[in-house]
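See below for the structure under consideration.
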Amino acid sequence: MWDTHQLTKMKNRPTMEVLEKKVLEAQTDTRTRLNVAHLESEAIYIFREVVAQFEKPVLLFSGGKDSITLVRLAQKAFYPAKIPFPLLHIDTGHNFPETIEFRDKLVEELGVELIVRNVQDAIDQGKVVEEKGKYASRNSLQTTTLLDALEEFKFDAAIGGARRDEEKARAKERIFSVRDDFGQWDEKNQRPELFDHLNGKIELGQNVRVFPISNWTELDVWSYIEEEHIEIPSIYFAHTRKTFLRDGMIWSAEDAVVYRESDEVVEERMVRFRTVGDMSCTAAVLSDAFSIQKVVAEIRDSKISERGARIDDKRSEAAMEKRKQQGYF
Amino acid sequence: MDVLKIATAGSVDDGKSTLIGRILYDTKSLTTDKLEAIETKSKANGFDYLDFSLATDGLVAEREQGITIDVAHIYFSTRKKSYIIADTPGHIEYTRNMVTGASTSQASIILVDARKGVIEQTYRHFFINNLLRVKDIIVAINKMDLVDFSENTFKAIKAEFQKLIDKSAYAEQNITFIPVSALQGDNVVEKSANTPWYSGETLLEHLEELNAQDLYEVSQVRFPVQTVIRPKKDEFHDFRGYAGKLYGGDLSVGDDITVLPSLTTSKVKEIHFFDKQFDTASRGSSFVLTLDDDVNVSRGDMIVKFEEKPQVAKQLTATVCWMDSKNLVPGANYFLQSGSNRILSKIKAIHGQVATDFSNIDESTNALQLNEIGSITIQLSKPLAFDSYKNNKASGSFILIDAQTNTTAGVGFID
């Protein structure tokens with residue numbers, strides 16, 4: 001039912017001409033235009049509540065598939081008006097170059113404001129100390145830079161692409177998640193969240209993390225990217241890369257950022273990335289999925305969870321919960 | 001694909017998290033890395049079986065105490081359906097989190113420990129599911145392995161539960177009883193050889209076949225306006241669109257509408273969704289509509305069909321479930337929020353506390369404590385458009401927000 005031939009380039013989107021006349025559906029008990037139509041409708045509802053309830057929202061943009069999906073949903077929520085808030089990228093300095101290139105192109109096409117704050121600055125100022133050793137990563141260092149940026153711009157709502165199916169501490173998150181002055185998540189005392197009555201009332205100094213795609217699974221996100229023809233960075237597709245093995249995982253050997261022992265052998269492998277985090281904590285998976293259709297098929301059959309290739313979660317059973325208590329998103 | 005939203009309920013240690021872990025395991029929804037983590041941890045904890053609750057109890061405090069504190073949302077799919085399960089806490093202290101989990105569910109699984117039978121939390125949770133009007137209830141009588149899969153025990157518990165059902169006024173509710181062992185997997189996904197006397201469906205078979213109640217069961221159009229879209233672009237110079245989500249019914253171009261509470265009338269001019277226009281929008285969808293006339297519409301207003309008006313009043317009576325440690329008392333001020341509408345309100349009267357065993361209303365009560373349920377009248381500072389909860393779950397429910405602490409202090413279901 002859904003016109004799958006719509007233009008993919010956002011800047012070339014047609015203005016308000018009538019392309020087709022039909023019924024807009026989001027029900028789960030009828031044939032829907034999209035597999036995830038009900039989730040799309042829910043996310044759009046959440047975006048509009050954020051803009052109505054907060055003074056100064058911001059969208060946390062990493063260049064990964066989840067935040068790219070958020071951008072598309074935000075566009076849909078406010079069209080024909082522009083996205084009414086800026087994007088904020090907390091740059092670890094360890095990004096895949098493809099992601100940054102993609103980010104800049106997207107921002108230009110959308111005409112939205114992009115704010116970049118660097119983890120390197122916090123390191124230079126001595127606010128955080130770079131981790132050392134084999135498993136050093138800047139992933140958890142992002143928190144300080146994020147909290148500083150929220151304070152600097154007085155953002156009261158930070159919209160993120162975290163999903164409940166990613167990780168078991170995230171499975172406990174609310175859609176509007178209240179954080180104190182220190183960005184801390186009080187996991188034992190969360191506000192009840194009932195029906196669609198989202199309570200965004202906060203005190204000065206508090207802020208709210210908002211998760212519009214809380215109820216999406218990894219497969220939902222990929223299906224949406226496929227059905228909506230959303231462009232994503234090339235590292236999500238199979239490509240040849242110089243890699244090495246450690247702890248049964250495949251690491252990129254092309255970037256100096258990833259620490260490698262001299263006896264860890266470099267080999268070319270056909271790989272892709274399932275998540276795009278800090279390079280130093282994101283492993284690749286073997287794949288021959290060159291197209292979005294093949295990626296969707298691969299995810300559907302996968303026996304390993306999405307964050308199975310994220311070393312930051314493997315540090316301890318409560319790694320995510322601890323990071324969240326300290327203000328991580 | 002059909003989506004089914006389910007919540008679990010039942011007392012602490014009745015095995016809710018274990019049941020969900022078992023469903024995930026038997027439907028092969030646990031990925032290798034998660035399963036390995038459960039195996040390692042179960043062994044380290046000295047269990048001689050897999051502790052499936054580890055799959056859902058995501059907080060350190062939960063794993064330490066072996067209980068569920070807050071709702072975990074679990075996702076899995078079969079070839080037939082996508083499932084969203086809210087695994088809710090059983091402890092009475094966390095009842096508010098149980099209500100949160102059940103509020104958006106189409107079906108609930110209430111677990112009963114076969115050794116204990118129907119206990120206080122069982123009827124409390126059944127009562128809350130009735131209050132929330134969850135249409136499909138599955139009573140999973142669990143730990144059958146510990147009562148030698150006794151048919152008599154199953155029948156006795158069923159008979160006891162039936163007494164509660166007889167007191168309930170919600171006649172449309174469907175209730176199914178299934179004997180299970182979440183730990184060993186009997187009648188969860190696979191039919192058990194241990195219960196030859198039971199010829200019904202397994203839990204998963206039942207869920208797969210369930211014709212879930214439509215979440216937006218009403219036919220009447222309710223479109224609360226979230227925000228007004230006014231693009232500051234040349235090509236949309238005069239565009240003034242009203243953005244919202246449709247709760248109930250279908251809305252079409254040309255329909256006569258009324259804006260509440262102002263009672264202004266107009267016609268639907270266009271229905272926009274992103275860069276497309278539609279003739280009709282159906283319930284559940286989020287979109288932007290424009291009107292024929294230049295009328296005054298803002299956030300918090302509700303657009304309805306001309307002939308389908310809800311109530312509009314500055315006073316309402318409702319059943320509330322109290323969720324704050326600060327008691328609800330008459331004369332207190334709260335913000336009442338229903339969807340996009342937030343109105344300063346005063347608690348006019350507390351008529352009494354409702355007993356969760358369907359027995360009576362204690363009219364001597366003049367305050368509601370945490371996790372208590374009562375009947376109250378609220379005075380609003382501005383008129384609100386609303387429905388009875390049994391006619392529309394969205395426009396018939398609200399939350400009360402503490403004006404000092406901003407916390408969500410209670411949830412109300414309008415009479």
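Summary of values
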{"read-out": "Chain A: most fluctuating residue of A:LYS132, A:LYS82, A:LYS154 per GNM, C-alpha cutoff 10 Å", "value": "A:LYS132"}
{"read-out": "When the convex hull of its Cα atoms is projected in every direction, mean area for region A:10-230 (nm²)", "value": "14.1 nm²"}
{"read-out": "Partner aspartates and glutamates for B:LYS41 [C-alpha distance under 18 Å; skip if fewer than 8 residues away on the same chain]", "value": "A:GLU167, A:ASP313, A:GLU317, A:GLU321, B:ASP33, B:ASP51, B:ASP57, B:GLU62, B:GLU64"}
{"read-out": "Rg to Rh, two decimals, where region B:345-400 supplies the alpha carbon set and Rh follows Kirkwood", "value": "1.00"}
{"read-out": "Enclosed volume per residue, in Å³, of the convex hull spanned by Cα atoms of chain B", "value": "168 Å³"}
{"read-out": "Hull volume in cubic angstrom per residue (convex hull over the Cα atoms of region B:2-209)", "value": "116 Å³"}
{"read-out": "Degrees separating the helix B:120-131 axis from the principal Cα axis of chain B, which is the longest one", "value": "30 degrees"}
{"read-out": "Cβ-based exposure ranking for B:GLU209, A:GLU218, A:GLU98, in which fewest neighbours within 10 Å come first", "value": "B:GLU209, A:GLU98, A:GLU218"}
{"read-out": "Overall dimensions of the protein assembly as shown by Cα: Rg and Dmax, Å", "value": "25.9, 78"}
{"read-out": "Intensity falloff of region A:84-130 expressed as log10 I(q)/I(0), Debye formula with alpha-carbon point scatterers, at q = 0.31 Å⁻¹", "value": "-1.12"}
{"read-out": "Cα-Cα P(r), region B:223-305, percent of pairs per 10 Å interval", "value": "19, 59, 21, 1"}
{"read-out": "Other protein chain Cβ atoms within 10 Å, averaged over every residue that makes up B:266-276", "value": "5"}
{"read-out": "Gaussian network model of chain A, springs between alpha carbon atoms under 10 Å - residue of A:GLN190, A:GLN125, A:GLN142 with greatest fluctuation", "value": "A:GLN125"}
{"read-out": "Shape call, region A:234-319: gyration tensor on alpha carbons, a/c limit 1.5", "value": "oblate"}
{"read-out": "Within a Gaussian network of chain B (alpha carbon springs, distance under 10 Å), most fluctuating of B:TYR198, B:TYR389, B:TYR247", "value": "B:TYR198"}
{"read-out": "Region B:311-414 shape via C-alpha gyration tensor axes, a/c threshold 1.5", "value": "oblate"}
{"read-out": "Selection from B:ALA72, A:SER41, A:LEU219, by position along the positive dipole direction of the protein assembly as shown (Cβ)", "value": "A:SER41"}
{"read-out": "Ranked list, fewest to most other Cβ atoms within 10 Å of each Cβ, for B:LYS233, B:LYS16, B:LYS41, B:LYS34", "value": "B:LYS233, B:LYS41, B:LYS34, B:LYS16"}
{"read-out": "Chain A - percent relative contact order, Cα under 8 Å, separation 6 or more", "value": "20 percent"}
{"read-out": "Test item: A:167-175 mean partner chain Cβ contacts at 10 Å", "value": "6"}
{"read-out": "Simple spin-label estimate for A:ASP247 and A:ILE115 in nanometres, 7 Å along Cα-Cβ", "value": "3.4 nm"}
{"read-out": "DSSP-defined beta bridges in chain B - what % are antiparallel, rounded to 5", "value": "75 percent"}
{"read-out": "Debye-sum result for region B:105-235 in log10 I(q)/I(0), which assumes one identical scatterer on each alpha carbon, at q = 0.10, 0.11, 0.13, 0.21 Å⁻¹", "value": "-0.41, -0.47, -0.59, -1.27"}
{"read-out": "Estimated 222 nm signal from helices in chain A, with DSSP H stretches of n ≥ 4 weighted -39500 (n - 2.57), rounded to 500", "value": "-8500 deg cm²/dmol"}
{"read-out": "Partners for A:LYS242 among aspartates and glutamates (Cα-Cα distance below 19 Å; same-chain residues under 8 apart left out)", "value": "A:GLU98, A:GLU254, A:ASP255, A:GLU261, A:ASP263, A:GLU264, A:GLU267, A:GLU268, A:ASP278, A:ASP288"}
{"read-out": "Separation between Cα centres of region B:333-348 and region A:146-166, rounded to whole Å", "value": "28 Å"}
{"read-out": "CD proxy at 222 nm, helix term only [per DSSP H run n ≥ 4: -39500 (n - 2.57); per residue of chain B; nearest 500]", "value": "-5500 deg cm²/dmol"}
{"read-out": "Set of lysines near B:LYS346 by C-alpha distance (under 20 Å), chain-local residues within fewer than 8 positions excluded", "value": "A:LYS201, B:LYS314, B:LYS326, B:LYS382"}
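Values quoted throughout were computed directly from the atomic coordinates according to the rules given, and no laboratory measurement underlies them. For clarity, every value in this text was computed on a predicted model and none was experimentally measured. Note that we place each Cβ from the backbone using ideal geometry, even for glycine, and neighbour counts take in every protein chain shown.
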